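Quick notes on the structure that follows.
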Amino acid sequence: MSQLPSYTTIKKIASGGSAEVFLGVFDDAERTPICIKIMLLKYYFAARDEYIVYQYIMALGVGTDDHPGRKHIVTILDQHDSSIVMEYMDGNLLDLMNNIPQYHKGLPALELCELTRQVSYALSLLHIRKVVHADLKPENILYKRLPSGEIVYKLIDFGNSLRIGIDPFPMKIQTREYRCYETLTGSSALSTASDLPSLACIVFEMATNDYLFPGKMTEDDHAAAICNMVGQHHLQLPDLAKPVSDSDYITPLLLKWLHPCPEQRGTIDEALATDPWLTTMHATAVVDVEGEVEGQEWEILSDSEPDQNPNEFDRSDVLTTTTMHATAVVDVEGQEWEILSDSEPD
């Protein structure tokens, strides 16, 4: 455990079935804000267990020192008795949707893609370390808006996480709305692939502000719904980025992650490396390329992370897509995007 400055608890900011979370500040000149998670009495030793798993995930010298997922896991600064001291974050995904008016009906495509990609990086690190998070849900993904305007997403809460080959695997785990097929049916043991259906449910919820599988469903109905959805290859998403519907890109990934057979889901690293949605940020906008196509409408596909916060991209000019045989790099409000198109303009 690290030697931290003393701190002052200010107020309770959240509570759950196993813990309460408080806002605090270090008693130093900077008055750095922190979060203090205090486990309820019957979960007294859970803080220690969670810290052990966190240290296992973040261990150095095991080939993951430079892994991008490290910056998408909430930093635990200290653990003592039933308390965990963590870096301060602005809130969880539900807070994000509630606090930002334009997100009330769901995140726009660019933000949704960036959220999914950042959480996938965190999961990649866990899975490389052979850790199953086992309780992915919006409450366990926190966000912080940086001074630049960029939103950073980080994974939290390893109280239910399981280290393959070390920790015993209970059959019933995961929050009800985000359970995988094997948890619902007991058809196979949990594995790192068991986190992927949970992530699929989160992505759907962040796109629609609604559950993919409501908690009132019975486990049998939930399992049957997964089979029907995957078997019929049907998952209804809103048109997130008119006129080029990102749901055309998102749906195949979510259906793959939901598959009843864990072996058919692929791995999170495969998705990060090859999935068209995660590897290419999709957007549509009206752009001007060297003044020659002013007013033309283009499909814009970014092949790298934008230099500017995706939230600052003005989507008000999104119109019907017109494409042409061309590849060019243009500037859209300070961001560089690659235009990929496949037909002549009207």
### Task
Identify the residue in the range 185-232 that is of a type in the set (S, T, N, Q), within 20 Å of the chain's Cα centre (by Cα) and in a loop (DSSP other than H, G, I, E, B) and, among all such residues, is surrounded by the most Cβ atoms within 10 Å (Cβ to Cβ).
SER191
#### Entry: Answer from LEU110, LEU136 - the residue that is at pLDDT below 95 and of a type in the set (A, V, I, L, M, F, W, C)
LEU110
## Note on the structure
Scanning the range 58-111 residue by residue, those acidic (Asp, Glu), in contact with a helix residue (DSSP H, G or I) (Cβ under 8 Å, 6 or more places away or on another chain) and farther than 23 Å from SER18 by Cβ turn out to be GLU111
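Inspect all residues belonging to the range 17-30 and state whether any of them is loosely packed, with under 15 Cβ neighbours inside 10 Å, in contact (Cβ under 8 Å) with a residue 24 or more places away in the chain and not assigned by TED's automatic domain parsing to the domain that holds ASP135. Steps first, please.
Narrowing the range 17-30 to residues loosely packed, with under 15 Cβ neighbours inside 10 Å: 17, 20, 27-30.
Okay, now just the ones that are also in contact (Cβ under 8 Å) with a residue 24 or more places away in the chain, so none.
No, because not a single residue in the range 17-30 is loosely packed, with under 15 Cβ neighbours inside 10 Å, in contact (Cβ under 8 Å) with a residue 24 or more places away in the chain and not assigned by TED's automatic domain parsing to the domain that holds ASP135.
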### Task
Could you please give the count of residues in the range 19-43 that are of a type in the set (Gly, Ala, Ser) and farther than 15 Å from GLN79 by Cβ?
1
### Query
Inside the range 203-235, can you point out the residues that are touching a residue at least 60 places away in the same chain (Cβ under 8 Å) and either farther than 20 Å from ASP248 by Cβ or of a type outside the set (A, V, I, L, M, F, W, C) (or both)?
GLU205, THR208, ASN209
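A quick yes/no check of all residues on (1) assigned to a helix (DSSP H, G or I); (2) at pLDDT 95 or above:
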site	(1), (2)
MET86	no, yes
LEU96	yes, no
LYS105	no, no
GLN118	yes, yes
TYR121	yes, yes
LEU125	yes, yes
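Name the residue, out of ARG145, ARG117, ARG129, that is assigned by TED's automatic domain parsing to the domain that holds LEU190 and touching a strand residue (DSSP E or B) at 6+ places or on another chain (Cβ under 7 Å). Write out each step before concluding.
Working: ARG117 fails: touching a strand residue (DSSP E or B) at 6+ places or on another chain (Cβ under 7 Å); ARG129 fails: touching a strand residue (DSSP E or B) at 6+ places or on another chain (Cβ under 7 Å).
On inspection, the qualifying residue turns out to be ARG145.
Pick from the range 140-165 the residues that are in contact (Cβ under 8 Å) with a residue 60 or more places away in the chain and part of a loop (DSSP other than H, G, I, E, B): which of them is surrounded by the most Cβ atoms within 10 Å (Cβ to Cβ)?
So, considering only residues that are in contact (Cβ under 8 Å) with a residue 60 or more places away in the chain and part of a loop (DSSP other than H, G, I, E, B), the one surrounded by the most Cβ atoms within 10 Å (Cβ to Cβ) is PHE158.
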### Task
Would you be able to say whether some residue in the range 97-112 is in contact with a His (Cβ under 7 Å, 6 or more places away or on another chain), surrounded by 22 or more Cβ atoms within 10 Å (Cβ to Cβ) and either among the hydrophobic types (A, V, I, L, M, F, W, C) or outside the structural domain of GLU263 (by TED's automatic domain parsing) (or both)?
yes
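Can you pull out every residue in the range 52-72 that is crowded, with 20+ Cβ neighbours inside 10 Å and within 24 Å of ILE13 (Cα to Cα)? Full working, then the answer.
Residues of the range 52-72 that are crowded, with 20+ Cβ neighbours inside 10 Å, as a first pass: 53-54, 57, 69, 72.
TYR54, HIS72, listed by residue number.
The values are calculated or read from the model by the stated rules, or taken from the named source; none is laboratory data. These numbers come from a predicted model, not from an experiment. No Cβ is skipped: glycine too gets one built from the backbone with ideal geometry, and neighbour counts run over all protein chains shown.
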